[in-house]
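Student: Handing you this structure, nothing more for now.
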Amino acid sequence: MKTMPLDQTIIDRRAAIIAAMRAIVGEERLITSDTAMRPYESDALTAYRQLPLMVVLPDSVEEVAKILVYAQKENVKVVPRGAGTSLSGGALPLADGILMSMARFNEIQKIDYDNLCVTAGPGVTNLSITEAVQDRGFYYAPDPSSRIACTIGGNVAENSGGMHCLKYGLTTNNILGLEMVLLTGDVITLGSDDFTEGGLDLMGLVTGSEGMLGVVTSVTVRILPAPPEAITMLVGFPSVEAAGETVAGIMRRGLIPGAMEMMDRLAVKATEAFVASGYPLDAEAVLIIELDGTREEIKSATALVKKVASGFGASSIVVSTSEEERLAMWQGRMSAFPAVGRLAPDYYCMDGTIPRGKLPEVLTAMSQMSRDFGLEVANVFHAGDGNLHPLILYDANEPGQLERAETFGEEILKLCVRVGGVLTGEHGVGIEKRDLMSEMFTETDLNVQQRVKCAFDPDGLLNPGKVFPTLHRCAELGRVHIHSADGARFPNLPRY
Amino acid sequence: MPMEEKSFHPRSEEEVEEVVKWVLATKTPLEILGSGTKRGIGHQVEAGARLHMERLTGIIACEPGELVLSAWAGTPMEEIEAALAAEGQHLAFEPPDYSQVLGSQDCGTDGGTHGGTFGGAIAAGLSGPRRLIAGGARDHVLGLTGVTGRGETFKIGGRVVKNVTGYDLSKLLTGSFGTLAAMTRVTVKVLPRPEAIRTLEVSGLAREAGLDLLRRAAASPFSVTGAAFVDERAAGSSGCFLRLEGRADEIDVRLNTMQAPLSVEGAAIGSKASGDLWQGVRDLPAWSAMDIIWRINLPRARAAEVASRVDAEVGGDMFFDWAGARLWLALKGEGTANHEAIRKIAEAAGGKAMLFKAPGDLKSETPVFHPEPDALATLTARVRDAFDPQRILNPGRMGER
Ligand SMILES: Cc1cc2nc3c(=O)[nH]c(=O)nc-3n(C[C@H](O)[C@H](O)[C@H](O)COP(=O)(O)OP(=O)(O)OC[C@H]3O[C@@H](n4cnc5c(N)ncnc54)[C@H](O)[C@@H]3O)c2cc1C
């Protein structure tokens, strides 16, 4: 990976910058010693580590604004951070940049059952939003597996998904409003407490922008009534193809299940050894399907799933008969990553998305690659929406294995793009997939995106070095290249 | 207009790029048109040239198993809807057909299709009643290609539902009314069309009680996919309409069990009649004779309060969708100079008001879109600079700077 060029003048001015930050946040919320900064040196993509210039923990919108105004004036870079669970290096610090932890913004500001929304500080964890409203029968739908730890601010930055996104949408589909501080220090409000229309959809743009456009200081999310009932089905298949056809078949017949996950043989084996959730060990692929709604809706949907799955030759179908059983069935899927993690000293989690119909082709190619690279791969898969999580097993202590795992991963992502898919379904580009962006986009495509970055951040100070493989100066990107009027070819088109 | 007006009818993406390069070089403002059905929305564009998209037509890929559809921007909506219907699918955001309520617009297209074009639907970013549960147009666009106001052909997004590769510019382009780029191809997420529809009609409720019922129904776990209320004044008698969609073997039970917890008793309306009813909610054909129509977006729990203030200060007929979060207000000739009052009322409740339909002279002196606070307006202008620094595409359509 190419690293960002280091600005030595910033390092030289570190003492002055520390003093300025101290004046804004005080001594207590400023971290400058290497030992105390150590926990911030990486996010969950731990292969990359870097101590920041310093860590600041603002606790008000005013402080965030002051820090950003200072950064803009003094040309200092800033990296926002939530809980640091990003799997793409989105929150990786810069040696010459301030790391701004949003951990202090950890309060739920408003629970509004009348408008079905919750307003929370960006440092509030994903799960605590649901916990705050579940007594009254509501929940916040996007449920990344990291939901105990990851923050809603991080979710907005990454447009995170989860198991239930198939039916209920990703973060971006469940956000109603945002408050954000710009580098100018201006505080803007996007969206509202309910559905908004009119004007450019900057809220949609900011969601998923990986902390590069502004610092989010408040998030308003939509809460949903919890379904009255839910059941889970475990369906085993003799082949991955049959499981894939069943997924498509269910949706073709008009049913969008609450969740529809797939695990391959290796992932199932690892999981069963870890938690014993009753997954069929003889199956090549297992589908974990959740059906929710009223009793009649579930009854109707269960019959349909059974019919489709049997039609494609399912080898076993088990339906949960109690809430305990349902949760136990999920326990397997929820533990899949740590379970697979026990098979080898390290694993590398990939996140491409493919058109569902390409699943057999991609899995076959992946097993070939697995043999070529000499590294095992287990597959856990948000089957309903084509989002693959191949887990590549390796041992970082064996010389060359990390590099091999990374190349293997890259090859998988390139394959995803080749079959009509994308580099990342929910984990973000960050630094991890930055240099692969040109697999999907032309230079022009990337310039169009970078100009948007320039509109918010003309000096490239907010989380620079992420997402874009080449950094352009905004002035250079902003230039308009127009041919002179007589030089321009008159469009040779039918006209009337 | 000083210049002779030119019309372009490109048949390929390359030709669209050529047109934009030419208007840039000659500094000729360009109006982009599908079939013109939504031309009445937004401000009138003063252009020296027109780009007609209707020859850039056809479905590129309809993949029912993948739940996606890609088509050229000029494809008639009828064609898209028919192709999806043949597969038992639909666009879940219920793109409205406002041609009747807005009246016909002369835009020199050949023939012109009633339901507009695919590109037009996305550029206008309009959504129907199902936004309540299934999201709006913005939530269904997966990717697109287009030509920016700098004359560059670009692509964003992809053809899969789950994608966070790069910025989500699809959302920015959806609802930008062709002011950032001329869209050439769009890919959207499609969903299964429900097998059965039922509507629970509860009549005779006073406005406050009706709006309260909408909110309670939307907060109930019965998956209500439409919640609309029409005022007595607008329809002769008031009516509260709750829509359920699902499978034939479960929907009637759901309709029945829903009523006790909501403490209402209503009349059930079957699939066919429900289809017509919700099309009426979506398209507002009943208001084609109205001269002025406002669309107010607001937090649903403030709807009753906003409506009372509108009664007291402005008057007019009202109709509520999205469980109250979208208020339609129609004025007939009366109260033309009250846009400031309406905007104040909306803002006080945390909402926004758009002048959806109005005679040309009123629109030329009133901002159609709700004015933005300074810092946001400045930022929006900078985002526009990124795409169209010369403001050459549909200039002024959104009242932009
Ligand atoms: C075990 C595990 C399981 C996971 N499962 C899932 C999953 O199922 N689905 C999924 O989508 N992801 C998953 N993730 C990835 C990760 O949890 C998400 O990307 C999450 O949203 C990151 O949140 P965070 O608070 O940790 O943010 P961080 O990692 O701290 O930061 C992520 C990005 O957000 C930016 N950011 C943070 N706060 C702000 C703010 N207030 N303003 C502006 N920018 C900000 C940062 O600059 C950075 O670019 C998983 C991670 C782990 C470790």
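The values are calculated or read from the model by the stated rules, or taken from the named source; none is laboratory data. Values in this document were obtained by computation on a predicted structure and should not be read as measured data. Using ideal geometry, Cβ is built from the backbone for each residue, glycine included, and neighbour counts are taken over all protein chains shown. In case anyone asks, the SASA skips ligands and DNA or RNA and just uses the protein heavy atoms, side chains included. Shrake-Rupley method; radii C 1.70, N 1.55, O 1.52, S 1.80 Å.
Student: Yes or no: residue B:142 more than 7 Å from every other protein chain (Cβ to nearest Cβ) and part of a loop (DSSP other than H, G, I, E, B)? It would help to see each step written out before you state the result.
Tutor: Numbers: more than 7 Å from every other protein chain (Cβ to nearest Cβ): yes; part of a loop (DSSP other than H, G, I, E, B): no.
So residue B:142 fails the test.
Student: Which of the numbered conditions does residue B:66 fail, given that it passes all the others? Conditions: (1) out of contact with any Leu (no Cβ under 9 Å at 6 or more places or on another chain); (2) closer than 27 Å to residue A:222 by Cβ; (3) more than 11 Å from chain A (Cβ to nearest Cβ).
Tutor: Condition not satisfied by residue B:66: (3).
Student: Just to be sure, is residue B:159 more than 16 Å from the ligand (Cβ to nearest atom), modelled with pLDDT under 95 and assigned by TED's automatic domain parsing to the domain that holds residue B:56?
Tutor: So residue B:159 passes the test.
Student: Would you mind telling me which numbered condition in (1) within 14 Å of chain B (Cβ to nearest Cβ); (2) surrounded by 23 or more Cβ atoms within 10 Å (Cβ to Cβ); (3) in a loop (DSSP other than H, G, I, E, B); (4) small (Gly, Ala, Ser) residue A:91 fails?
Tutor: (1)
Student: Same structure again: Scan the stretch A:420-434 for residues that are near the ligand (Cβ under 10 Å from one of its atoms) and within 7 Å of chain B (Cβ to nearest Cβ) and report the count.
Tutor: The number of residues fulfilling the criteria is 5.
Student: So for the stretch B:270-279 (the condition being assigned to a helix (DSSP H, G or I), within 12 Å of chain A (Cβ to nearest Cβ) and open to solvent by less than 10 Å² (accessible area, probe 1.4 Å)), does at least one residue qualify? I'd like the intermediate steps shown before the answer.
Tutor: Going through the stretch B:270-279, the residues assigned to a helix (DSSP H, G or I) turn out to be B:271-279.
In the following step, the residues that additionally are within 12 Å of chain A (Cβ to nearest Cβ) were identified as none.
For the stretch B:270-279, residues assigned to a helix (DSSP H, G or I), within 12 Å of chain A (Cβ to nearest Cβ) and open to solvent by less than 10 Å² (accessible area, probe 1.4 Å): absent.
Yes or no, residue by residue, for (1) basic (Lys, Arg); (2) touching a helix residue (DSSP H, G or I) at 6+ places or on another chain (Cβ under 9 Å); (3) free of Cβ contacts under 8 Å to residues at least 40 places away in the same chain; (4) outside any loop (DSSP other than H, G, I, E, B):
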{"position": "B:177", "(1), (2), (3), (4)": "no, yes, no, no"}
{"position": "B:199", "(1), (2), (3), (4)": "no, yes, no, yes"}
{"position": "B:209", "(1), (2), (3), (4)": "no, no, yes, yes"}
{"position": "B:226", "(1), (2), (3), (4)": "no, yes, no, yes"}
{"position": "B:229", "(1), (2), (3), (4)": "no, yes, no, yes"}
{"position": "B:234", "(1), (2), (3), (4)": "no, yes, no, yes"}
{"position": "B:242", "(1), (2), (3), (4)": "no, yes, no, yes"}
{"position": "B:257", "(1), (2), (3), (4)": "no, yes, yes, yes"}
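Student: Hey, another quick one. Of the residues A:240, A:268, only one is surrounded by 18 or more Cβ atoms within 10 Å (Cβ to Cβ), outside the structural domain of residue A:380 (by TED's automatic domain parsing) and modelled with pLDDT under 95; which?
Tutor: None of the others qualify; the one that does is A:240.
Student: On to the next question. Scanning for something touching a Pro at 6+ places or on another chain (Cβ under 7 Å) and either more than 16 Å from the ligand (Cβ to nearest atom) or in contact (Cβ under 8 Å) with a residue 12 or more places away in the chain (or both), does the stretch A:440-460 turn up at least one residue?
Tutor: The answer is no, given that none of the residues of the stretch A:440-460 is touching a Pro at 6+ places or on another chain (Cβ under 7 Å) and either more than 16 Å from the ligand (Cβ to nearest atom) or in contact (Cβ under 8 Å) with a residue 12 or more places away in the chain (or both).
Yes/no per residue for (1) open to solvent by less than 50 Å² (accessible area, probe 1.4 Å); (2) modelled with pLDDT of 95 or more:
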residue: A:332; (1), (2): yes, no
residue: A:336; (1), (2): yes, no
residue: A:348; (1), (2): yes, no
residue: A:351; (1), (2): yes, yes
residue: A:356; (1), (2): yes, no
residue: A:361; (1), (2): no, no
residue: A:374; (1), (2): no, yes
residue: A:396; (1), (2): no, no
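Student: Taking only the stretch B:373-401 into account, find how many residues are within 11 Å of chain A (Cβ to nearest Cβ) and open to solvent by less than 60 Å² (accessible area, probe 1.4 Å).
Tutor: Number satisfying all stated conditions: 16.
Student: Kindly indicate whether residue A:83 is of a type in the set (A, V, I, L, M), touching a helix residue (DSSP H, G or I) at 6+ places or on another chain (Cβ under 7 Å), at pLDDT 95 or above and open to solvent by less than 30 Å² (accessible area, probe 1.4 Å).
Tutor: no
Student: Just to be sure I understand, how many residues within the stretch A:17-32 are open to solvent by 60 Å² or more (accessible area, probe 1.4 Å) and among the aliphatic types (A, V, I, L, M)?
Tutor: So the answer is 1.
Student: Just for the stretch B:8-32: of the residues that are out of contact with any Leu (no Cβ under 6 Å at 6 or more places or on another chain) and more than 13 Å from every other protein chain (Cβ to nearest Cβ), which one is surrounded by the fewest Cβ atoms within 10 Å (Cβ to Cβ)?
Tutor: Among residues in the stretch B:8-32 that are out of contact with any Leu (no Cβ under 6 Å at 6 or more places or on another chain) and more than 13 Å from every other protein chain (Cβ to nearest Cβ), the one surrounded by the fewest Cβ atoms within 10 Å (Cβ to Cβ) is B:29.
Student: Which residue out of A:413, A:461, A:446 is of a type in the set (A, V, I, L, M, F, W, C), facing chain B (nearest Cβ under 10 Å) and surrounded by fewer than 22 Cβ atoms within 10 Å (Cβ to Cβ)?
Tutor: Just a single option satisfies the conditions, and that option is A:446.
Student: Scan the stretch A:221-237 for residues that are open to solvent by less than 10 Å² (accessible area, probe 1.4 Å) and either out of contact with any Cys (no Cβ under 7 Å at 6 or more places or on another chain) or within 12 Å of chain B (Cβ to nearest Cβ) (or both) and jot them down.
Tutor: A:223, A:232, A:233, A:234, A:235, A:236, A:237
Student: Identify all residues within the stretch A:57-70 that are surrounded by fewer than 23 Cβ atoms within 10 Å (Cβ to Cβ) and among the aliphatic types (A, V, I, L, M); write none if there are none.
Tutor: Hits for the stretch A:57-70 are A:57, A:61, A:65, A:69.
Student: If you don't mind, another one. Would you call residue B:71 surrounded by 23 or more Cβ atoms within 10 Å (Cβ to Cβ), more than 13 Å from chain A (Cβ to nearest Cβ), among the aliphatic types (A, V, I, L, M) and within 29 Å of residue B:367 (Cβ to Cβ)?
Tutor: no
Student: Among residues belonging to the stretch A:280-324 that are of a type in the set (Asp, Glu) and farther than 23 Å from residue B:223 by Cα, point out the one that is most open to solvent (accessible area, probe 1.4 Å).
Tutor: Out of the qualifying residues, it is A:324.
Student: Does residue A:495 count as open to solvent by 70 Å² or more (accessible area, probe 1.4 Å), facing chain B (nearest Cβ under 7 Å) and at pLDDT below 95?
Tutor: When the stated conditions are applied, residue A:495 passes them.
One line per residue, one yes/no per condition, for (1) over 30 Å from residue A:357 (Cβ atoms); (2) of a type in the set (A, V, I, L, M); (3) touching a residue at least 12 places away in the same chain (Cβ under 8 Å):
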{"residue": "B:10", "(1), (2), (3)": "yes, no, yes"}
{"residue": "B:60", "(1), (2), (3)": "no, yes, yes"}
{"residue": "B:65", "(1), (2), (3)": "no, no, no"}
{"residue": "B:75", "(1), (2), (3)": "no, no, yes"}
{"residue": "B:86", "(1), (2), (3)": "no, yes, no"}
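Student: For the stretch B:341-352, does any single residue satisfy the condition of being among the small types (Gly, Ala, Ser), within 13 Å of chain A (Cβ to nearest Cβ), touching a residue at least 60 places away in the same chain (Cβ under 8 Å) and within 25 Å of residue A:190 (Cα to Cα)?
Tutor: no
Student: I'd like to verify a number: residues in the stretch B:152-169 that are at the interface with chain A (Cβ under 8 Å from one of its Cβ atoms) and open to solvent by less than 20 Å² (accessible area, probe 1.4 Å), how many?
Tutor: Qualifying residue count for the region: 10.
Student: Let me ask another. Go through A:244, A:249, A:204 for me and flag whichever is small (Gly, Ala, Ser), within 30 Å of residue A:111 (Cβ to Cβ) and in a helix (DSSP H, G or I).
Tutor: Only one candidate passes the filter, namely A:204.
Student: Here are the criteria: (1) more than 14 Å from chain B (Cβ to nearest Cβ); (2) near the ligand (Cβ under 7 Å from one of its atoms). Tell me which single one residue A:101 does not satisfy.
Tutor: Status for residue A:101: all satisfied but (2).
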